[in-house]
1. If only one of Arg270, Arg263 is more than 12 Å from the chain's Cα centre (by Cα), among the basic types (Lys, Arg) and surrounded by 18 or more Cβ atoms within 10 Å (Cβ to Cβ), which one is it?
2. Could you list all residues from region 39-75 that are open to solvent by 30 Å² or more (accessible area, probe 1.4 Å) and basic (Lys, Arg)?
3. Considering every residue within region 223-233, establish whether at least one is modelled with pLDDT of 95 or more, in a loop (DSSP other than H, G, I, E, B) and touching a helix residue (DSSP H, G or I) at 6+ places or on another chain (Cβ under 9 Å).
4. Would you check which residues across region 166-224 are small (Gly, Ala, Ser) and either touching a Phe, Trp or Tyr at 6+ places or on another chain (Cβ under 6 Å) or open to solvent by 80 Å² or more (accessible area, probe 1.4 Å) (or both) and list them?
5. Go through the residues of region 116-128 one by one and say whether even a single one is more than 22 Å from His305 (Cα to Cα), in a strand (DSSP E or B), in contact (Cβ under 8 Å) with a residue 40 or more places away in the chain and not polar (S, T, N, Q).
6. Here is a list: Asn140, Asn191. Which entry is in contact (Cβ under 8 Å) with a residue 12 or more places away in the chain and within 20 Å of Pro257 (Cα to Cα)?
7. Give the residues of region 109-139 that are crowded, with 20+ Cβ neighbours inside 10 Å and over 17 Å from the mean Cα position of the chain (by Cα), sorted by residue number.
Amino acid sequence: MSIRPFSQRPQATFLGAPFVEAREKDLKKHGARAALLGIPYDMGGIFRTGTAAGPRGLREASRQYGGYFFDDDVDLLEAFRLVDCGDARMVPANPEQCRAAAKAAAKEIIRSGAMGIYIGGDHSIPIPLGEAISEETRGNVGYIVFDANMDAEEEVDGELNSNWSEVCRLAELGNIDPRNMVLIGIRGALNTRRQTEYLRDRGIRTIGMREVIGRGIEDVMSEALSMASDGTNALYVSFDTDGIDAAYAPGTSGPEPGGLTSREILSAARMIGTHGATMFDIVEYCPAYDPSGITGKLCCYIIFHLLGAHYVNECAALQQTEDCPTKAI
């Protein structure tokens, strides 16, 4: 079988995956088990802009890679029938319609049964995505977020839907119990005492970066997954790129030192993949501040490792790892 050189591969989709509209019937017809959707929205950011280019930047970064992932000996395109649904429709200067479009597309992906991979955009996009999974899930939903910042301001100058408030908005949803919410990697002077008190009052588990260093990422993730899955039927995970140390991920809207290493975030992604997640996002990726492209590559690897670990766990559960029909080709 001849392989088209990566330089000649279509540029429009992640890993050159087939484009399929974010419609339940189309995704089911294709047999998609994982579907990527871009949400190029940064009107919710309170610092520097540029994250609207995140989906395009991630797709560009993926042009260097193929579907085969050595670490797990699997072709991710084949194993997951991975598709790219393009971008949710963004309406200039209309945040409400932008959020509604993201929510509607996410609902279609959830209904199809595919694992949703959402690429932002700023960290306000969990607000519509959280509403989507909340409304489409019978039972409770767990939420894990990697972030330098708590994002637990109930409002910012009267605005309820900024990237500093998504934790509050999700905690208000009827079937997302604050006790099933875990924040990992929190650190630094951009957080406020008011947010600390908000999280403590509601029983939302906050694991600061100092605790991660002391305990190790595997121990922290074991606790986080246990808490987020306690009595829940679905799991939503959010990867804010500023949760990673700026030395490893400079291409973010709010870079912070002292965060997770690339190995730690990939280890966390693998544990999430093994556990299983209904959907996950990668937000605050800002290609304009990523001249080397290393942040975009790391975002790709988060996806690769999460999917790869999920595949290995599925095959192991079937006790047919060597004969799994979706084995690498």
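1. Details: Arg263 fails: surrounded by 18 or more Cβ atoms within 10 Å (Cβ to Cβ).
Result: Arg270 is the single residue among Arg270, Arg263 that is more than 12 Å from the chain's Cα centre (by Cα), among the basic types (Lys, Arg) and surrounded by 18 or more Cβ atoms within 10 Å (Cβ to Cβ).
2. Selection gives Arg48, Arg56, Arg63.
3. Taking region 223-233 first, the residues modelled with pLDDT of 95 or more are 223-233.
Cutting the leftovers down to in a loop (DSSP other than H, G, I, E, B) gives us 230-231.
Still in the list and also touching a helix residue (DSSP H, G or I) at 6+ places or on another chain (Cβ under 9 Å): 230-231.
Yes, there is a match, as at least one residue in region 223-233 is modelled with pLDDT of 95 or more, in a loop (DSSP other than H, G, I, E, B) and touching a helix residue (DSSP H, G or I) at 6+ places or on another chain (Cβ under 9 Å).
4. Applying the first criterion (small (Gly, Ala, Ser)) to region 166-224 yields 171, 174, 185, 188-189, 203, 208, 214, 216, 222, 224.
The answer is Gly174, Gly185, Ala189.
5. Looking for residues that are more than 22 Å from His305 (Cα to Cα), in a strand (DSSP E or B), in contact (Cβ under 8 Å) with a residue 40 or more places away in the chain and not polar (S, T, N, Q), one finds none in region 116-128, hence no.
6. On the way: Asn140 fails: within 20 Å of Pro257 (Cα to Cα).
Just a single option satisfies the conditions, and that option is Asn191.
7. Ser112, the sole residue that qualifies.
Yes/no matrix, rows are residues, columns are (1) of a type in the set (Ser, Thr, Tyr); (2) farther than 24 Å from Gly296 by Cβ; (3) in contact (Cβ under 8 Å) with a residue 24 or more places away in the chain; (4) not in a helix (DSSP H, G or I):
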position	(1), (2), (3), (4)
Ala61	no, no, yes, no
Asp71	no, no, yes, no
Leu77	no, no, yes, no
Asp84	no, no, yes, yes
Ala106	no, no, yes, no
Arg111	no, yes, yes, no
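The values are calculated or read from the model by the stated rules, or taken from the named source; none is laboratory data. Everything quoted here is computed from the prediction, not taken from an experiment. In this analysis, Cβ positions are derived from the backbone assuming ideal geometry, glycine residues included, and neighbour counts consider all displayed protein chains. With ligands, DNA and RNA removed, areas are computed over all heavy atoms of the protein, side chains included. Shrake-Rupley method; radii C 1.70, N 1.55, O 1.52, S 1.80 Å.
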